[in-house]
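Engineer: Below is a structure I'd like to ask you about.
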Amino acid sequence: MGSRIRTRLLKKMSLALIPLAALAVLSLYNQRSIYNATVRVNAVSRESALVSDLQQALDRAIMPSNDYIITGKGGYAVEFRKYSEEMERLLKEADSIHDGFEIAGETVAEEKRILKELKESWGSVRDISARIFSIQKPVGNRGAAELMEEMDYKWGSNAIALLDRWRGIDEREYAEAFRNAEAAWRNAWFITGGGVAATALLTMFLAYYYSGVFVTPIERLREHSLKIASGDFASKAGLRTNDELEDLSEAMDRMSSELSALYRDLERKVEERTRELNHAYSEMKDKEERYRTLFNGTNDAIFLHPVPGKDDLSFRFIDVNDAACRRLGYSRKELLGLSPLLIDAPGHEAAQKAAAKGIVEEGHAVFEMVHVAKDGREIPVEISTRVFELKGAPMALSIARDVTERKRSEDLLKERIEELEMFRKLTLKRELRLRELKDRIEALERDLKGKGLNGSA
């Protein structure tokens, strides 16, 4: 099916192409003017730069012969040849400076006459310089001085005057070309602005006129869509425009009927899903209550925290049970803001690192530690830590058992063992002493018996 609205709009909106076409023609013509003016400005700039180079080269070429007359040094002849070559190159370049000009007239003819006279003056300067350099002892030589005066005041001054006149012509040409370029650019802005304004005005007029043709049915469709969005699926648009808007109206009416059926089905599914979610939520709450009962019902302190790094224990606790809060004297909020480094007693850094290493490498660890309560009490504990996965992330659960009584029993048992060991050592010493006394008594008895036998004899 063809696009009837698009066809009508294209036919009418094509009227906006008329000012655009006129704008294109005028812009092309003006672009040619801008191009010619720009080319002229660039050409005059190059010519002005060449005139400046010629003047500098002429000044440098005259100086060596003057210096030669004053000093008599032969090195100035070499210097003159170098500057002379530069002057010849620039004059050769000046011969072709007007080849690219499309416009010829009195100005170009005048510049060509200046160039011709400049070549003649330069030829005289070059010849006189050669004659000066041919003099073996120029210092104080009257002929050399006369040649120098002729070169400077006749031919050199004339060449400089010619170049000054040429520069003046270039300045006038540059000013005129620049004015032409500025005018062309102003015309470009005027043409562009006028064309855009004309196109915008015509387009706005066409848009305003044809908006009335389409706005009314579109507004009815919008109102119909708002009724559908509010749940009034019984609403009908009923447009009769014999174009795509009528097709859209019929499609929206069909969509309204389908949405009504889908809405009823969706309500049924939502009710079923709500019942399922309520049941799942109830089960989740029961599990959470059982977890909290188990979590807080034990006498051991339980800490839920991230898996520690081998050298990093600065993490914060994620969850703690009531026993941990009671034992350490902190509120739950205070304890969740702490880390193991803040509840472990100083001097146990080695045990901390060893435990962290075991947790990271093996996933579990059992170790002894001393916790410091909020009031400064030290509580010896035995900690059992195991790594598990919680919501896809590794987590650690640490259970800290208070071993104060066990430590006290161990200390008491140690004292009893030490006492028994001391008693054993004392008993052993006493037995050794008794054996020593017995040996001495037996020795005395033998001695007495031996003496009794001797007396009777």
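Each value in this text was obtained by applying a stated rule to the coordinates, not by laboratory testing. Quantities reported herein were computed from a predicted structural model and do not represent experimental measurements. Positions of Cβ are backbone-derived with ideal geometry, glycine not excepted, and every protein chain shown enters the neighbour counts.
Engineer: In terms of the ratio Rg/(2.2 N^0.38 Å) built on C-alpha atoms, what value belongs to the stretch 115-191? The partial results should precede the final answer.
Structural biologist: Values: Rg = 21.8 Å, N = 77, 2.2 N^0.38 = 11.5 Å.
So the Cα radius of gyration is 1.90 times the expected 2.2 N^0.38 Å.
Engineer: Moving to a separate point now. Show me, for the stretch 73-79, the HN-Hα J-couplings you get by feeding each phi into the Karplus relation (A = 6.51, B = -1.76, C = 1.60, θ = phi - 60°), rounded to Hz, glycine and proline as x.
Structural biologist: My calculation for the stretch 73-79 gives 7, x, x, 5, 5, 5, 5 Hz in order.
Engineer: For the stretch 188-204, just list the computed ³J(HN,Hα) in residue order, Karplus coefficients 6.51, -1.76 and 1.60, θ = phi - 60°, integers in Hz, with x standing in for Gly and Pro.
Structural biologist: Using θ = phi - 60°, the values come out as 4, 5, 5, 5, 5, x, x, x, 5, 4, 5, 5, 5, 5, 5, 5, 4 Hz.
Engineer: Here's another thing I want to ask about it. Tell me which label goes with the value of volume of the Cα convex hull per residue in Å³ computed from the coordinates here: (i) 176; (ii) 224; (iii) 557.
Structural biologist: Here volume of the Cα convex hull per residue in Å³ agrees with entry (iii).
Engineer: Per residue, how big is the convex hull around the C-alpha atoms of the stretch 51-149? Give it to me in cubic angstrom, could you? Can you show the working numbers first?
Structural biologist: Numbers: hull volume 8.5 nm³, N = 99.
Each residue corresponds to 86 Å³ of Cα convex hull volume.
Engineer: Can you check what the Kirkwood hydrodynamic radius comes to for the stretch 320-404, Cα pairs only, in Å to one decimal? Before the final figure, lay out the partial values.
Structural biologist: On the way: mean 1/r = 0.0739 Å⁻¹.
One over the average 1/r among Cα pairs gives 13.5 Å for the stretch 320-404.
Engineer: Using amide H atoms built 1.01 Å from N in the peptide plane, name the residues 5+ places from Gly363, or on other chains, whose amide H lies under 5 Å from its own.
Structural biologist: Result for Gly363 returns nothing.
Engineer: Beta carbons within 10 angstrom, averaged per residue: use that to sort the peptides 44-56, 433-445, highest first. Don't jump to the answer; show the numbers that get you there.
Structural biologist: Working: 44-56: 17.6, 433-445: 10.0.
Packing order, densest peptide first, comes out as 44-56, 433-445.
Engineer: What's the angle, to the nearest 10 degrees (0 to 90), between helix 404-456's Cα axis and the longest principal axis of the chain?
Structural biologist: Here the helix axis deviates by roughly 50 degrees.
Engineer: On to the next question. How many lysine pairs are close in the stretch 4-205, with Cα atoms under 15 Å apart and the two 8 or more places apart or on different chains? Mind dumping the intermediate values first?
Structural biologist: Details: Lys73/Lys137; Lys92/Lys112; Lys92/Lys116; Lys92/Lys119; Lys119/Lys154.
So the count works out to 5.
Engineer: Another question, then. How charged is the neighbourhood of Asp344? Take every other residue with its Cβ under 13 Å from the Cβ of Asp344, and add Lys/Arg as +1 and Asp/Glu as -1. Spell out each step's value before the answer.
Structural biologist: Details: positive: Lys353; negative: Glu349, Glu368, Glu378.
Within the 13 Å Cβ shell, the charges total -2.
Engineer: In addition: Find the relative contact order for the stretch 298-402 and round it to a whole percent, using C-alpha pairs within less than 8 Å whose residues are 6+ positions apart. If you can, show how the numbers build up before the last one.
Structural biologist: Numbers: 208 pairs, mean separation 31.5, N = 105.
In percent, rounded to a whole number, it is 30.
Engineer: In degrees, nearest 10, range 0 to 90: what is the angle between the Cα axis of helix 349-362 and the longest Cα principal axis of the chain?
Structural biologist: Compared with the principal axis, the helix lies near 80 degrees.
Engineer: Let me ask you something else. Below 8 Å, C-alpha to C-alpha, sequence gap of six or more: please give me the relative contact order for the chain in percent. All intermediate terms of the calculation are to be shown ahead of the outcome.
Structural biologist: Numbers: 417 pairs, mean separation 51.2, N = 457.
In percent, rounded to a whole number, it is 11.
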